[in-house]
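To start, the structure itself, in structure tokens.
The values are calculated or read from the model by the stated rules, or taken from the named source; none is laboratory data. Worth saying up front: this structure is predicted, and the values here are computed from it rather than measured. Methodologically, a virtual Cβ is constructed for each residue, glycine included, from the backbone with ideal geometry; neighbour enumeration extends over all protein chains shown.
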Amino acid sequence: MSKTKPAPLPSDIRIGGYRILRQLASGGFGVVYLAQDASGQKVALKEYLPASLVERRPGELLPVVPSDKLSLYRLGLKSFFEEGRALAQISHPAVVGVLNFFRENETVYMAMNYLEGATLQDFIVVARELKRPKVFRESTIRSLFDEVLRGLRIVHQHKMLHLDIKPANIFITDDNRAVLIDFGAAREVLNTEGSFVRPMYTPGFAAPEMYRRGAELGPWTDIYAMGATVYACMRGYPPDDVPKRQEKDSLPLELARLRGIYSDQLIDLVSWCMQLDPLARPQSVFELLRELNREVARGFGPADLSRAHASSPLPGEASSSFLDL
């Protein structure tokens with residue numbers, strides 16, 4: 001019988017000066033609430049609440065941590081707190097803004113900018129149902145990932161890794177910005193130090209080194225996930241996960257099927273990012289950005305991308321957006 005998830009905080013209570021309005025999302029490592037600050041501004045309030053380590057009954061505020069899991073809980077708590085501290089120092093439109101982070105109720109909370117829109121995953125699902133050869137146009141993909149990679153480059157410059165890049169963690173706002181959300185440092189710490197039955201990475205987007213306890217992680221780890229995310233924008237589905245690729249790698253064949261639909265240069269870039277050997281991938285986001293923005297035979301270049309960014313309609317909408325289906 002599966003363990004019951006810890007209950008979210010009740011609505012209308014105040015935590016650290018924020019009033020909880022409702023739950024927005026929950027996962028294995030925390031809960032995100034829609035909340036209001038003292039001025040009435042809406043924020044997304046993320047609570048560190050790893051479901052595998054804590055219990056909490058409905059209506060209660062304090063998580064209950066069994067004694068045998070306390071040291072691991074505190075390790076993840078420290079990582080979550082340090083992640084909030086680091087993100088609060090980053091100001092970039094493509095990185096979710098952390099407004100505040102604080103300890104309360106024997107856990108940690110992170111107040112972030114509240115974003116309205118949908119995830120890239122939501123758009124992929126809509127686009128693939130149209131059953132067109134191209135899920136997104138190449139100009140759309142290049143424009144979107146130029147924006148996201150510039151944000152990721154700043155993250156890496158702050159000695160941070162995202163560690164869970166995937167379409168569900170790229171948010172497309174109503175004012176047409178692409179924003180990296182839901183960083184995974186605390187997850188990785190718990191995965192490294194704990195003995196969890198279920199993996200804490202996302203199959204298809206996690207690099208091979210994330211499957212090996214104690215393996216060195218670096219910018220190349222996020223770059224693998226970024227390549228897998230571009231692949232999902234081209235195919236409409238995630239690539240095979242690492243164990244399947246290591247047994248029989250169908251990625252070259254899948255990419256070959258995209259030739260003539262997307263430029264060879266973009267296809268080769270995805271292949272480069274998704275090499276199973278970390279040393280065979282781009283070693284920095286700067287290196288990847290330079291290749292992404294290199295002009296190709298089809299005439300894509302930075303100037304074309306900026307125009308594409310401002311002129312492509314969303315499905316069912318007349319307003320402009322770079323997510324051109």
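Okay, here's what the table says:
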quantity	calculated
Filter result for ASP37 (of a type in the set (Asp, Glu) and either over 22 Å from the mean Cα position of the chain (by Cα) or at pLDDT below 95 (or both))	yes
Options VAL64, VAL31; residue that is surrounded by 15 or more Cβ atoms within 10 Å (Cβ to Cβ) and closer than 29 Å to TYR201 by Cβ	VAL31
Verdict on GLY17 being on the phi > 0 side of the Ramachandran plot, in contact (Cβ under 8 Å) with a residue 24 or more places away in the chain and not aliphatic (A, V, I, L, M)	no
Pair list, Cβ under 9 Å, 6 or more apart: region 145-164 residue under 21 Å from PRO203 (Cα atoms), other residue among the β-branched types (Val, Ile, Thr) and modelled with pLDDT under 90	ASP164/THR202
Residue among LEU279, LEU289 that is at pLDDT 50 or above and surrounded by 14 or more Cβ atoms within 10 Å (Cβ to Cβ)	LEU289
Subset of region 177-223 [polar (S, T, N, Q) and modelled with pLDDT under 90]	ASN191, THR192, SER195, THR202
Near pairs, Cβ below 7 angstrom, 6+ apart or cross-chain, from region 250-266 (more than 14 Å from SER139 (Cβ to Cβ)) to any residue that is part of a helix (DSSP H, G or I)	LEU251/ARG245; GLU254/ARG235; LEU255/ILE267; LEU255/VAL270; LEU255/SER271; LEU258/MET234; LEU258/ILE267; ARG259/ILE267
Options LEU130, LEU120, LEU144; residue that is surrounded by fewer than 21 Cβ atoms within 10 Å (Cβ to Cβ) and farther than 30 Å from GLY16 by Cα	LEU130
Meets criteria (modelled with pLDDT under 95 and among the acidic types (Asp, Glu)) for ASP324	yes
LEU87 being in the same structural domain as ALA168 (by TED's automatic domain parsing) and out of contact with any Lys or Arg (no Cβ under 6 Å at 6 or more places or on another chain)	no
Lone unmet requirement of (1) assigned to a helix (DSSP H, G or I); (2) at pLDDT below 95 for TYR231	(2)
